[in-house]
1. Condition (residue is without any contact (Cβ under 8 Å) to a residue 12 or more places away in the chain, within 30 Å of W56 (Cβ to Cβ) and small (G, A, S)) applied to the stretch 96-103: is it met by at least one residue?
2. Do we have any residue at all in the stretch 187-210 that's in a loop (DSSP other than H, G, I, E, B), away from the ligand (no atom under 16 Å from the Cβ), without any contact (Cβ under 8 Å) to a residue 12 or more places away in the chain and surrounded by fewer than 14 Cβ atoms within 10 Å (Cβ to Cβ)?
3. For residues in the stretch 256-292 being acidic (D, E) and closer than 27 Å to R193 by Cβ, which is farthest from the chain's Cα centre (by Cα)?
4. Here is a list of conditions, (1) more than 16 Å from the ligand (Cβ to nearest atom); (2) at negative phi; (3) of a type outside the set (D, E, K, R), and G400 meets all of them except one; can you say which number that is?
5. In the stretch 490-515, which residue that is free of Cβ contacts under 8 Å to residues at least 60 places away in the same chain, of a type outside the set (A, V, I, L, M, F, W, C) and closer than 20 Å to L311 by Cα is surrounded by the fewest Cβ atoms within 10 Å (Cβ to Cβ)?
6. Could you figure out which of (1) small (G, A, S); (2) more than 16 Å from the ligand (Cβ to nearest atom); (3) at negative phi isn't true of G141?
7. For P435, indicate whether it is touching a residue at least 40 places away in the same chain (Cβ under 8 Å), in a loop (DSSP other than H, G, I, E, B) and more than 16 Å from the ligand (Cβ to nearest atom).
8. Within the stretch 91-140, track down each residue that is surrounded by fewer than 20 Cβ atoms within 10 Å (Cβ to Cβ), of a type in the set (D, E, K, R) and not assigned by TED's automatic domain parsing to the domain that holds Y394.
Amino acid sequence: MGPDATAELPPWWRQAVVYQIYPRSFADANGDGLGDIPGIISRADYLLALGIDAVWLSPFYPSALADGGYDVADYRDVDPRLGTLADFDALVEALHSRGMRIVVDIVPNHTSDLHPWFQEALAAAPGSPARDRYIFREGTGPDGSEPPTDWHSMFGGSAWERVPGGQWYLHNFAIEQPDLDWSSEEVRDDFVRTLRFWSDRGVDGFRIDVAHMLTKDMTEPLLSRHELAELPRDGQHPMIDRDDVHEVYAEWRNVFDSYDPPRTAVAEAWVDKERVPLYASAESLGQAFNFDLLQADFDAAQFRTVVQDNLDLAATSGSSSTWVLSNHDVVRHATRYGLPHPGRDAEGNPARKHGVDWVLSGGTDPELDREGGERRARAATLFMLGLPGSSYLYQGEELGLHEVAEIPDADRQDPTFFRSPGVDKGRDGCRVPLPWSPDGPSFGFGDDGSHLPQPPWFAAHAVSGQESDPGSTLRLYQRGLELRGILQTDESLEWVETGRADVLHFRRPNGWNVMTNFGTEPYPLMVDEALLFSVGGPQHDLPGATTVWFTRES
Ligand code: NOJ
């Protein structure tokens, strides 16, 4: 293949498999109970053997961990407990030399309260330039002791916190995460510096946290929570998904495109469906997450609708679609599919507690069907990996890990738990350090403890045991990703009718077929199919909760 042919290949990210690492829980090289960057480097061959295209690192920056690292105190450094910038460079090298790319998380909506800017703002007088980088307001009530508005933080409780001297600042998430004011030139310039800083170090792309909330119209009088909720989401809402946020991303796009190859970005934007293409367009961030699959039940009709809707949506922006079944914010999919009504209240409505938006957070339930959940999770994963677009995997799902429900309250770390208070179990259960071996201190995570307690059942999921077991979930992921690499084809699919409401079948342009039985009754397979791969080995019937990949000549 000549150089010209290479230039015509679609960009790598369009159909990549991206593996999310939550750095503090992946591997601990220095035995302090907290995962670190040298730990990730020590597992680079594991990542290579898994067969992923890229690693996405959740925040590894200096942080007091008020929100698992999404409270960033310095955007251009590594938390000393996780390593150094030299370690980061070594990680980039370890991944690149093995043919993998690296994506880092950028958290632009808010800083940590320990960020020098916020410390400066606290020391400065009301109305000073230092306070203008954030959103400070006077309180209400005769002595200003009431918050400026009745707004709720996403994690529960008021969205305002009072500082000594009397003013209040806005924090849409934890108290320790003051919202930045994106009308400040200094804020904008600083993030451009940050994007360049990491791009210059060889980072291939960025995941943009809360991408839909940066710009705000804080013109007074501020509306009440109920008034805000009544407003249309038409790009003019004072706080959410404003059209003018794309002015920020247009500037970022220039930064991304000034590199060769261009740096990429994916938006975490919880917006109405028809507004997603704005974030995914080539003039903006280029790709956007859709979280529809992780909010769907293990159900053929729901999966088909989600897939078709999102392929149609991706076509309107020219981006590729993204698929996610698990991440660091939701109950692991093995557990969701093992519960009778995951994330639902008694009436079957999505559970939203105390204004907390994480529909599926909240630990597990005594009725968990562990094996059934794992089986359905494997089937859903193989279905997802057959789809056109990018799949985002979350560390530990390749081990079939369940949510850890049994974390004692005293060990919990997630602000959603404390601010609910205690009603929402929070997101710690999917962030427990990985088991690498069936025994030893912290199951091989490190030489000592683990910052969140690991349950005894982690032993059965350990990497070392699964590597040597051909029937393990890990081996299934490895084989699936290997085959996916070989089978990859154009970004389209064609549905094939199966005559059964609980069985989905789609075909990719090169004859790669994916069929999933979401029900319990076996489904007969045709005889002329060249079976590539299935959850349960070669078979003539497709059992319930099983996905099969095959090629068919015709
Ligand atoms: C989304 C992140 O995924 C979540 O973990 C975090 O708590 C919020 N953004 C706030 O940064």
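1. There is at least one residue in the stretch 96-103 that is without any contact (Cβ under 8 Å) to a residue 12 or more places away in the chain, within 30 Å of W56 (Cβ to Cβ) and small (G, A, S).
2. no
3. Of everything passing the filter in the stretch 256-292, D260 is farthest from the chain's Cα centre (by Cα).
4. Of (1) more than 16 Å from the ligand (Cβ to nearest atom); (2) at negative phi; (3) of a type outside the set (D, E, K, R), only one is false for G400: (2).
5. Within the stretch 490-515, the match that is surrounded by the fewest Cβ atoms within 10 Å (Cβ to Cβ) is E497.
6. The one condition G141 does not meet is (3).
7. No.
8. Answer for the stretch 91-140, where residues must be surrounded by fewer than 20 Cβ atoms within 10 Å (Cβ to Cβ), of a type in the set (D, E, K, R) and not assigned by TED's automatic domain parsing to the domain that holds Y394: E120, D132, R137, E138.
The values are calculated or read from the model by the stated rules, or taken from the named source; none is laboratory data. Quick caveat, the model's predicted, so the values are computed rather than measured. Don't worry about glycine lacking a Cβ; one is built from the backbone with ideal geometry, like all the others, and counts go over all protein chains shown.
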